[in-house]
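Here the structure is laid out as structure tokens; the discussion comes afterwards.
Readers should treat all values here as calculations from the given coordinates under stated rules, not as data from a laboratory. All values derive from a computational prediction rather than experimental measurement. Here the Cβ positions follow ideal geometry from the backbone for every residue, glycine too, while neighbour counts run over all protein chains shown.
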Amino acid sequence: MSKTIAGFSKLTKAEKINWIVDTYFSNSENAKGILKQYWNTDEKLQQLHDEFIENTITNYYLPLGVAPNFLINDKLYTIPMAIEESSVVAAASKAAKFWLDRGGFKTEVISTKKIGQVHFIFNGDFEKLTQFFNTIKSKLIKETKSITANMEKRGGGIIDIELRDKSQDINGYYQLHASFETLDAMGANFINSCLEQFAKTFKREAQNFDLFSDLEKQIEIIMSILSNYVPDCLVRAEVSCHVDNLTENKNISSRAFAQKFVQAVNIAEIEPYRAVTHNKGVMNGIDAVVLATGNDFRAIEACVHAYAARNGKYSSLTHAKIEDDTFKFWIEIPLALGTVGGLTSLHPLVKLALELLHKPSAKELMQIIAVAGLAQNFAALRSLTTTGIQEGHMKMHLKNILNQFEATDNEKKTLTEHFKNNTVTHSAVVDAIHQLRAKN
Ligand code: MEV
């Protein structure tokens, strides 16, 4: 029976676990055992993880895999990927190897602008509000000096603040729309602190602005928060080769494959049902590296899909064409990432992942992650347009079932051979295991 509890957060970890297992599990000792099985024996390391969030009862593991052989702007990388889905890392590795032999990936950061907004209500004359804003704009920036000093020393800071009129959408609604350069930090704390200071200065100064009526002086701040939509924090990654070099597949000519591939991308460009799945495949690569490097995958996801729909219709993040016998495949994607701050110096595996990537700047990480997305999409489209996706998946499915049944190496060998010519279904594999075991 479920029940409510007061003061849960105040309980010790052991007390929290006791309450959970006693309240929700018929076999409470077993449940407790599973939770404890995932604790780290190094108490300090466990405490570090406990303190990342609130009410921690155990750790939730994801595998960390690596995809080697990524040649990006003539530099080699092995890319760390944290993901639970089978085949993703294998697909990335295959795509990396494929393009390694064809000049690798070329990338470029197009822009790095981050955005934050103060949303407020003003009842009055917009002309006067504009005049007020222009009068105090420099003060808004000056009063954030203690927050921005360090960032400015390194070459970042506030780029600009604009006053935006949204009163046609909501009565009296306006914004301070600010842009920032946050260098190697994702910048959420920096931006939010600046915005909250803007809001304070703005509200206070309105009360002293002589041209405002008493009503106009009462600006109401609704909220101050960064925007995770960063269409001007944009990176591009591309691969290209002569059409004749696009495949060694014996069942399809290189040119026919190139054309089919471009068609597959065109379909994702115009058909939202396909675009969502197509982009999901892109995000298999992107999220896995975002997670491994301790970045905020929810922010990335929210932004990327808004960007994919920026023209009013959800569409593909990648594009492809054949021009003068050259096959070109590219992605342009907004990625707000950090390589300092946040988890990057706290989580030992994140530190390790960043070191594996040659300790990249945020700009370099944008390029690496865009490549991971492009590579993943290339691998998916290559199998979809040739063998179909199930061939690879079924191999993994077979492996998983064999592991579930704790098959020996010999059993695995025999059954893998058997299923080269037989369709993999759960029941077919289970039957085959039983038959094999009955024989021996
Ligand atoms: C599966 O996780 C991802 C794919 O469905 C992507 C795609 O269809 O392009 C294979």
Q | Linear extension gain, residue 352 paired with residue 225, 0.36 nm per residue minus alpha-carbon span | A | 42.6 nm
Q | Listed residues 289, 429, 350, most fluctuating in the chain (Gaussian network, C-alpha, under 10 Å) | A | 429
Q.
Out of the GluC sites (Glu not before Pro) in segment 1-72, which ones are loop residues according to DSSP with at most 16 other C-beta atoms within 10 Å?
A. 51, 54
Q) Once label points are set 7 Å from the Cα along Cα→Cβ at both residue 248 and residue 393, what is their separation, rounded to one decimal in nm? A) 2.8 nm
Q) How large is ³J(HN,Hα), in whole Hz, for each residue of segment 60-65 in order, when computed from phi with the Karplus curve 6.51 cos²θ - 1.76 cosθ + 1.60 and θ = phi - 60°, using x for Gly and Pro? A) 10, 7, 10, x, 10, x
Q) Based on Cβ point charges of +1 for Lys and Arg and -1 for Asp and Glu, what charge dipole magnitude is obtained for the chain about its Cα centre, in debye rounded to the nearest 20? A) 660 debye
**Q.** Within segment 217-245, backbone nitrogen closer than 18 Å to the virtual label 7 Å beyond the Cα of residue 128 toward Cβ
**A.** 217-221
Q: Using only the alpha carbon atoms of segment 393-439, find the Kirkwood hydrodynamic radius as the inverse mean reciprocal pair distance, in angstroms to one decimal.
A: 10.4 Å
Q: Just the Kirkwood number for segment 8-50, please: inverse of mean 1/r across all distinct Cα pairs, in Å, one decimal.
A: 11.2 Å
Q. Setting aside same-chain residues fewer than 8 positions from residue 313, which aspartates and glutamates have a Cα under 15 Å from its Cα?
A. 269, 271
Q | Whole-Å semi-axes of segment 350-391's equivalent ellipsoid (Cα gyration tensor) | A | 30, 11, 5
Q) Where the only charges are on Cβ atoms (+1 Lys, Arg; -1 Asp, Glu), what is the dipole of segment 141-238 about its Cα centre, to the nearest 20 debye? A) 320 debye
Q: With the convex hull built on the Cα atoms of segment 220-260, state its orientation-averaged projected area in nm².
A: 5.7 nm²
Q: Specify which residue in the list 401, 422, 434 is farthest towards the positive end of the charge dipole of segment 393-439, using unit charges on the beta carbon of Lys, Arg (+1) and Asp, Glu (-1), about the Cα centre.
A: 422
Q.
Using alpha carbons only, how many angstrom separate the centre of segment 386-440 from the centre of segment 306-324?
A. 39 Å
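Mind checking Rg over Rh on the chain, alpha carbons, Kirkwood formula for Rh? It would help to have the intermediate numbers written out before the result.
Details: Rg = 27.0 Å, Rh = 25.6 Å.
Across the chain, the Cα-based Rg/Rh ratio is 1.05.
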Q) What are the lysines whose alpha-carbon lies under 29 Å from the alpha-carbon of residue 439, with same-chain residues fewer than 8 places away excluded? A) 395, 399, 412, 413, 420
Q: Using the Kirkwood radius over Cα pairs, work out the Stokes-Einstein diffusion coefficient for segment 1-110 at 20 °C and 1.002 mPa s, in µm²/s as a whole number.
A: 120 µm²/s
Q: Taking H placed 1.01 Å from N in the peptide plane, check which residues at least 5 places from residue 315 or on another chain put their amide H under 5 Å from its amide H.
A: 309
Q: Have a look at 67, 31, 95 and tell me which one the Gaussian network model of the chain (Cα, springs below 10 Å) gives the largest fluctuation.
A: 31
**Q.** In sequence order, calculated HN-Hα J values of segment 114-122 (Karplus, 6.51, -1.76, 1.60; Hz; x Gly/Pro)
**A.** 9, 10, x, 9, 9, 9, 9, 10, 9
Q | Point-charge dipole on Cβ atoms (K/R +1, D/E -1) for segment 8-50, about Cα centre, debye to 20 | A | 80 debye
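Looking at segment 56-190 from every direction and averaging, what is the projected area of its Cα convex hull in nm²?
The directionally averaged projection comes out at 14.4 nm².
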Q | Contour minus Cα-Cα distance for residue 38 and residue 135 (0.36 nm per residue) | A | 29.1 nm
(Q) With an 8 Å Cα cut-off and a minimum separation of 6 or more residues, compute the relative contact order for segment 125-197 in percent. (A) 29 percent
